[in-house]
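Here's the structure, in structure tokens; my notes come after.
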Amino acid sequence: MELQSPLLPGEYYDITIQYSVIVPDDSFTGFGVSDSNDFHLKYWYLTPSVYDGQWELYSNKDLADLYIPPSDINMEISFP
């Protein structure tokens with residue numbers, strides 16, 4: 001999707017996205033669902049690329065390379 005006009009500093013754009021998260025067993029990384037059904041989650045939600053004078057990208061080849069600045073996020077979660 002392309003914006004019809006540039007997004008200026010201090011302005012915002014609402015985006016609604018629906019997606020499913022498949023939570024793995026936590027035995028490999030320590031993140032996921034444990035044998036006792038405890039959830040230990042890290043970097044499980046979508047974040048847009050950051051532009052702070054340059055695009056801050058990451059490759060997903062390393063588990064500790066995610067660039068996430070402080071964010072203000074509202075979310076609604078439902079599960080069966």
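The values are calculated or read from the model by the stated rules, or taken from the named source; none is laboratory data. What you see is a predicted model, and the numbers here were worked out from it, not measured in a lab. Cβ: placed from backbone, ideal geometry, glycine included. Neighbour counts: every protein chain shown.
Data for the structure
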read-out	value
Candidate set from the range 53-74 (those that are at pLDDT 80 or above and not polar (S, T, N, Q)); member that is farthest from P9 (Cα to Cα)	W55
The range 34-49: number of residues that are in contact with a Leu (Cβ under 9 Å, 6 or more places away or on another chain) and surrounded by 10 or more Cβ atoms within 10 Å (Cβ to Cβ)	3
Hey, S5 of a type outside the set (V, I, T) and surrounded by 10 or more Cβ atoms within 10 Å (Cβ to Cβ) or not	no
Checklist (1) under 14 Å from the mean Cα position of the chain (by Cα); (2) farther than 18 Å from N74 by Cα applied to H40, failing item	(1)
Residue within the range 16-23 that is at pLDDT 80 or above, of a type in the set (V, I, T) and surrounded by 10 or more Cβ atoms within 10 Å (Cβ to Cβ) present	yes
Top-ranked residue in the range 1-41 [being in contact with a Gly (Cβ under 9 Å, 6 or more places away or on another chain) and in a loop (DSSP other than H, G, I, E, B); ranked as nearest to P70 (Cα to Cα)]	L41
